Amino acid sequence: MKVKKICCIGAGYVGGPTMAVIAQKCPDIYVTVVDINEERIKAWNDENLDNLPVYEPGLDKVVAEARGRNLRFCTNVEGAIQEADMIFISVNTPTKTYGEGKGQAADLKWIELCARQIAAAAESDKIVVEKSTLPVRTAEAIRDILENTGNGTKFQILSNPEFLAEGTAIEDLMDPDRVLIGGDTKTPEGLEAMEALVEVYGHWVPREKILTTNVWSSELSKLTANAFLAQRVSSINALSELCESTEADINEVSRAIGTDSRIGNKFLKASVGFGGSCFQKDILNLVYISRSYGLTSVADYWEQVIKINDHQKGRFAKNIIRSLYNTVSGKKIAFLGWAFKKDTNDTRESAAIYVADHLLNEDAKVTVFDPKVKEEQMYSDLDYLNSRNKVDNRKLMKAEHCPYEACKGAHAVAVLTEWDEFVDYDWQKIYDNMLKPAQVFDGRSVLDKQKLRDIGFRVYTIGTT
Ligand code: NAI
């Protein structure tokens with residue numbers, strides 16, 4: 001079967017870029033991305049490509065080429081489902097904030113709603129593709145809903161988890177390490193559906209990079225990949241604390257172990273901790289699933305990755321307080337960066353939010369500059385923690401549009417995101433306008449420490465002395 005029309009439900013950080021690349025690479029396939037969020041769809045359709053709701057290097061060019069040709073963004077979910085022969089589900093699957101599994105399990109209410117919408121609207125057979133990251137065995141629940149609430153049409157369910165990293169999404173989509181497609185390998189219909197999706201990716205991805213597995217392996221592989229990546233960050237971060245106590249240097253240790261081909265050199269940089277919408281939620285989900293199968297030791301093992309990450313964020317904040325003579329009350333502390341990593345405007349679970357919250361609890365005055373994050377987003381991230389009321393958040397924290405203004409009159413500058421531009425700032429100018437002793441806390445190890453020390457800064461970097 002050859003796919004002619006694709007519908008993707010969810011125009012977020014995954015749905016938007018992924019479908020834009022599919023549309024660009026497959027001019028013979030018509031792609032419609034739908035979302036219930038009208039604002040978001042409006043932004044995807046904005047003439048000015050600077051206003052796209054997702055910031056990703058290179059995304060604007062891909063959208064410019066495909067939008068209006070074979071790529072469309074709209075809010076007509078039902079219509080798009082009816083037209084399509086293949087439907088991707090790319091909606092959010094955050095950690096549950098209520099009830100059974102609160103704080104750990106994935107909240108699948110948006111997934112279930114999608115399945116019900118598909119079942120109600122479909123008038124012909126469809127291939128339904130799980131693009132969202134889902135707990136292993138979710139395809140079973142989706143199948144149950146589709147088969148029991150549909151109009152008698154047939155569905156094939158595939159799992160096709162997305163491995164893109166925000167900040168390099170377009171690069172990752174254009175040249176992926178692999179594409180994973182899980183399906184019902186035991187029936188001819190299942191194999192045919194898998195082949196249809198292989199053929200879509202085959203437009204630009206070499207066949208040997210397209211892996212096919214059973215649906216459960218595919219679902220579990222995505223959680224596993226994120227767990228392994230996050231585990232590397234927590235492992236190196238755990239050792240960074242030991243380096244600070246022993247005068248070993250975490251960067252030297254990383255280099256020394258990373259050259260071992262069995263370990264590899266990626267994801268070995270110590271930092272203030274990982275953030276993003278995926279690592280934490282997916283590991284918590286893995287922990288929850290393991291516990292629900294009675295596998296306590298497995299659950300405890302993975303939970304430790306989260307605990308170290310929380311510890312690292314708290315340790316960074318405590319270190320700032322300690323260095324400022326154990327009180328930050330009324331002191332201005334400038335944050336460079338709010339996004340969870342460079343080259344994205346995504347702030348979900350960003351370490352900056354937690355470090356800010358910790359400092360605000362101590363009555364500090366935090367001023368933030370981030371090249372891509374909007375002020376309202378910063379406040380909404382802080383409000384979401386519910387640590388204090390909205391008025392106090394706005395009183396204690398300010399956003400600045402200029403990094404030099406943000407740092408002016410500050411006791412300390414903390415680097416929370418590794419934006420490239422921070423390195424090239426006029427650090428002498430920043431120093432001249434700060435209170436003394438001027439301190440820099442480089443949570444991402446991006447600045448030239450010696451240069452800063454030569455200017456007169458006191459500099460703290462993670463895992464080094
Ligand atoms: P997101 O929150 O940016 O986007 C999800 C979108 O789905 C929202 O715009 C929301 O309005 C829409 N939506 C929810 N229910 C809907 C419905 N019934 N009908 C139409 N639209 C609906 O989320 P994001 O980051 O794109 O993540 C989506 C999935 O992809 C999640 O499961 C996530 O774990 C996974 N993922 C995310 C990655 C990332 O880097 N953000 C990477 C790989 C996977």
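Tell me, how many Å apart are the Cα centres for the stretch 1-41 and for the stretch 348-394?
With the stretch 1-41 and the stretch 348-394 each reduced to a Cα centre, they are spaced 33 Å.
Can you list the HN-Hα couplings for the stretch 383-390, worked out from phi with the Karplus curve (6.51, -1.76, 1.60; θ = phi - 60°), rounded to whole Hz and with x for Gly and Pro?
4, 4, 6, 6, 7, 8, 7, 4
Just to be sure I follow the rule: in the stretch 5-205, considering lysines 8 or more places apart or on different chains, how many pairs have Cα atoms under 24 Å apart?
24
Nearest 20 debye, what's the magnitude of the dipole of the stretch 213-465 about its Cα centre given +1 on Lys and Arg Cβ and -1 on Asp and Glu Cβ?
Working: 34 positive and 34 negative charges, 68 e Å.
I would put it at about 320 debye.
Residue-wise, which Karplus ³J(HN,Hα) couplings in Hz belong to the stretch 415-426, taking 6.51 cos²θ - 1.76 cosθ + 1.60, θ = phi - 60°, and x for glycine or proline?
Listing the rounded values in order: 8, 10, 10, 8, 3, 4, 4, 4, 5, 8, 4, 7 Hz.
Write down the Å³ per residue value for the convex hull defined by the alpha carbon atoms of the stretch 213-465.
Working: hull volume 37.0 nm³, N = 253.
Roughly 146 Å³ of hull volume per residue.
Restricting things to alpha carbons, tell me how big the stretch 252-355 is in terms of Rg and Dmax, in Å.
Using the Cα atoms of the stretch 252-355, the pair Rg, Dmax is 16.9, 49 Å.
Under 5 Å between amide H atoms, partner at least 5 residues away or on a different chain: which partners does ASN45 have, H built in plane at 1.01 Å?
Residues meeting the amide H criterion: none.
Count the net charge of all other residues whose Cβ sits under 10 Å from the Cβ of LEU229, scoring Lys and Arg as +1 and Asp and Glu as -1.
Within the 10 Å Cβ shell, the charges total +1.
Using a simple spin-label model with points 7 Å from Cα along the Cα→Cβ vector, what separation in nm is obtained for ASP177 and GLU195?
Label-label distance for ASP177 and GLU195, simple model: 3.0 nm.
Report, to one decimal in Å, the Kirkwood hydrodynamic radius for the chain based on all distinct Cα pairs.
This gives a value of 23.6 Å.
What share of all Cα pairs of the stretch 1-130, in percent, falls into each consecutive 10 Å distance bin?
Calculated over all Cα pairs of the stretch 1-130, the distribution is 13, 42, 31, 12, 1 percent.
So what are the radius of gyration and Dmax for the Cα set of the stretch 45-120, in Å?
Rg and Dmax of the stretch 45-120, Cα atoms, are 16.3, 45 Å.
Quick one: which residues, 5 or more positions from LEU71 or on another chain, have an amide H under 5 Å from its amide H? H modelled 1.01 Å from N in the peptide plane, none for Pro or chain starts.
VAL31
Assuming R0 = 25 Å, can you tell me the calculated FRET efficiency for the pair GLN304 and SER387, based on Cβ-Cβ distance, to the nearest 0.05? Walk me through the numbers before you get to the answer.
Working: r = 25 Å, r/R0 = 1.00.
So, using R0 = 25 Å, E works out to roughly 0.50.
Once you put a point 7 Å from the Cα of LYS429 and another 7 Å from the Cα of ASP125, both along the Cβ direction, what distance in nm separates them?
With each label point 7 Å from Cα toward Cβ, the separation is 6.5 nm.
Return the Rg/Rh value of the stretch 274-331, two decimal places, where both radii are evaluated on C-alpha atoms and Rh is the Kirkwood radius.
Details: Rg = 16.1 Å, Rh = 13.2 Å.
In the stretch 274-331, Rg relative to Rh is 1.22.
So for ILE22, ILE118, ILE455, fewest C-beta neighbours within 10 Å to most, what's the order?
ILE455, ILE22, ILE118
Under 18 Å from the 7 Å Cα→Cβ point of LEU242, by amide nitrogen: which residues of the stretch 437-465?
462-465
Taking the Cα of SER380, stepping 7 Å toward and past its beta carbon, and measuring to each backbone N in the stretch 85-107: which are under 16 Å?
Within reach of a label on SER380: 92-94.
Which value does Rg/Rh take for the stretch 366-465 over its C-alpha atoms, Rh per Kirkwood? List each step's numbers first, then the result.
On the way: Rg = 14.3 Å, Rh = 14.5 Å.
Ratio value, two decimals: 0.99.
Towards the positive end of the charge dipole of the chain, with charges on Cβ (+1 Lys, Arg; -1 Asp, Glu), say which of VAL233, LEU435, ILE111 has the farthest Cα.
Working it through, the farthest residue towards the positive pole turns out to be LEU435.
How do SER132, SER277, SER290 rank when sorted from fewest to most other Cβ atoms within 10 Å of their own Cβ? Let's see the in-between values first.
On the way: SER132 26, SER277 22, SER290 18.
Ranked by crowding around the Cβ, least crowded first: SER290, SER277, SER132.
Would you work out which of GLY58, GLY79, LEU164 lies farthest towards the positive end of the dipole of the stretch 53-196, given +1 charges on the beta-carbon of Lys and Arg and -1 on that of Asp and Glu, about the Cα centre?
After comparing all options, I get GLY79.
Treating only the Cβ of Lys, Arg, Asp and Glu as charged (+1, +1, -1, -1), what charge dipole size does the stretch 5-205 show about its Cα centre? Round to the nearest 20 debye.
Working: 19 positive and 33 negative charges, 63 e Å.
Approximately 300 debye in magnitude.
Treating the beta-carbon of each Lys and Arg as +1 and of each Asp and Glu as -1, no other charges, what is the dipole magnitude of the chain about its Cα centre, to the nearest 20 debye? Before the final figure, lay out each step's value.
Numbers: 57 positive and 68 negative charges, 209 e Å.
So the magnitude is around 1000 debye.
If you average the sequence gap of Cα pairs under 8 Å that are 6 or more apart and divide by the length of the chain, what percent do you get for the contact order? It would help to have the intermediate numbers written out before the result.
Working: 904 pairs, mean separation 55.8, N = 465.
Relative contact order here is 12 percent.
Whose amide H sits under 5 Å from the amide H of PHE335, counting only residues 5 or more places off or on another chain, with H placed in the peptide plane?
So PHE335 has HN proximity to THR367, VAL368, PHE369, ALA414.
Any read-out appearing in this document is the output of simple, stated calculations on the displayed coordinates, not a laboratory observation. Not measured: the values here are computed from a predicted model. Here the Cβ is made from the backbone with ideal geometry for all residues, glycine too, and neighbour counts use every protein chain on show.
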